[in-house]
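Reviewing the structure listed below.
The values are calculated or read from the model by the stated rules, or taken from the named source; none is laboratory data. Predicted model only: the values in this text are computed from it and were never measured. Note that we place each Cβ from the backbone using ideal geometry, even for glycine, and neighbour counts take in every protein chain shown.
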Amino acid sequence: MQYKRLNRPGRITLLLACLSILTLLVISCNKNKTGSTGSATGPSDTIPGDVTLQATDDGIITASATDKTGVKLDMVFNNAKGTATFTLKGETIELKQDTMGSGVKYSNEKYEYTEWHGRIELKKEGKSIFLENEKQ
């Protein structure tokens, strides 16, 4: 049986394919270490615009956001129950998850929380009471 020796372009292609696979493996392993997949002991993830997330294995995500005036919104999302609890200026707000094609929406009879493309807004009776990462 004769072995055909790879020419130079064939070796480069093989090398690039191996490097690509190795890169994907390293990236996927690092995501598991940073807690982004829901590790209860992992560090919190920070998203641009003063938003901090902490996920646990039971589907609870704790987050906080700060608007441009320094007002802080604390959020606890329970993905298993489809609910969220928000704390704004000492007031606790309980909301239920709504279905959306894109983004996140929680609401009740008075309040509506939306998050879309990094823009977070909480409205009370249609009036915006918290807005973070406003894009104009």
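Summary table below
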quantity: Answer residue from the stretch 95-123, given it is within 19 Å of Gly70 (Cα to Cα) and not small (Gly, Ala, Ser) and is surrounded by the fewest Cβ atoms within 10 Å (Cβ to Cβ) among those; calculated: Arg119
quantity: Filter pass, Glu94 being in contact with a strand residue (DSSP E or B) (Cβ under 6 Å, 6 or more places away or on another chain), in a strand (DSSP E or B) and modelled with pLDDT under 95; calculated: no
quantity: When residues of the stretch 77-93 are limited to those that are surrounded by fewer than 12 Cβ atoms within 10 Å (Cβ to Cβ) and more than 13 Å from Leu122 (Cβ to Cβ), the one farthest from the chain's Cα centre (by Cα); calculated: Gly90
